[in-house]
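Encoded as C-alpha cells, the structure appears first; notes follow it.
The values are calculated or read from the model by the stated rules, or taken from the named source; none is laboratory data. As the structure is a computational prediction, the values presented were derived from the model and not from experiment. Ideal geometry is used to build each Cβ from the backbone, glycine not excepted, and the neighbour counts take in all protein chains shown.
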Amino acid sequence: MATRTQNRQSNSTTSNRGSSRSRQSENRSNRQSRSSSGESRSSESRSAFSWGENAGPLLGAALAGVAIGFAANYGRKAIMQGMEAAAGDWDEILAAEHDMALAIFDKMLATDETQTFKRKMLLMKLTHALDKHAHEEEMVVYPALREANQTTDADQLEGEHGYIKTYIYELNEMGPAGSNWLEKVREFRALVSRHAHMEEEEAFPTFKQALTEEQNARITSLVNRDGFWMA
Ligand SMILES: [Fe+2]
Ligand SMILES: [Fe+2]
C-alpha cells in the first residue's frame, strides 16, 4: 500500500507531467502562430523561460544572498547558544532558562489591557523560550532520567509540559485584551515555577549525583547541541 508521502509524490509528478504537457502544446501553438505571422527566428528564441545574458550574475547574487542568510542565522544561533553554553553544566543551563522564562512572565504581569501589542510580543517570546527548553529536556534529559530509573519523575515532568502548552494555546485563543488574561498568566507562571522547582531541587540533583564526570559532560554537550538547533 502506498504511504501518504508516496501518494503526495506521485500526485505531484502527475500534475507536473500534466502541466508540462500543456506547456508543450502551448509552445507548439505559439510557434505555429508566430511562423504564420512571419515573426523572425531570433525573437522566438527569447522565450519567457530563457535566462538571458544577465542571468549569471543575478543567479550568483541570489545564491550569495541565500548563503549570507544561512550564515547569519547560523551566527545568530551560535551567539544565542554560546551565551547559554557559557552558563556551565546542563542543569545550570536549564536553571538559567527557567529564570529567563520567569522574567518574561513578570514583564507580562506588569502590562495592562491597553498594551495588547506588548502582550502579544511577550507571549511569542515566552512561547519560543519554553519550546526550546522543553525540546532540550524531552529529547535529552528526560530520556536520560528514564535510563537512570527515574521514570516516574520523567513522566510527571513531561506530562506537565503538556499543560504548559495548554496555557499557551488558551492565551492565544483568548487574545491579549481578554478580561482574565492576567489571571491566566498568573496561574501559568505558578505552574512553570512549581515545575522548575521540582526539576532544580529534586529530579535533577538526584540524577546528577549518580553521574560520572564523563556522563555529565555528555548530557551537557547534548543539551547544548539540541538548544543550538532550536535557538
Ligand atoms: Fe521541564
Ligand atoms: Fe525545565
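Points to keep in mind about this one:
- Of the listed requirements (1) small (Gly, Ala, Ser); (2) exposed (fewer than 15 other Cβ atoms within 10 Å of the Cβ); (3) assigned to a helix (DSSP H, G or I), residue 179 misses just one: (3).
- Qualifying residue in the stretch 108-131 (condition: within 16 Å of ligand 2 (Cβ to nearest atom), within 18 Å of residue 177 (Cβ to Cβ) and either buried (at least 19 other Cβ atoms within 10 Å of the Cβ) or not assigned by TED's automatic domain parsing to the domain that holds residue 187 (or both)): yes
- Scanning the stretch 176-193 for residues that are of a type outside the set (Phe, Trp, Tyr), in contact (Cβ under 8 Å) with a residue 12 or more places away in the chain and within 16 Å of ligand 1 (Cβ to nearest atom) yields a count of 4.
- Only one entry in 145, 123, 171, 157 is within 16 Å of the chain's Cα centre (by Cα), touching a residue at least 24 places away in the same chain (Cβ under 8 Å) and in a helix (DSSP H, G or I), namely 123.
- Single unsatisfied condition, residue 144 versus (1) closer than 19 Å to residue 93 by Cβ; (2) within 13 Å of ligand 2 (Cβ to nearest atom): (2)
- Some residue of the stretch 150-157 being within 11 Å of ligand 2 (Cβ to nearest atom) and modelled with pLDDT of 95 or more: yes
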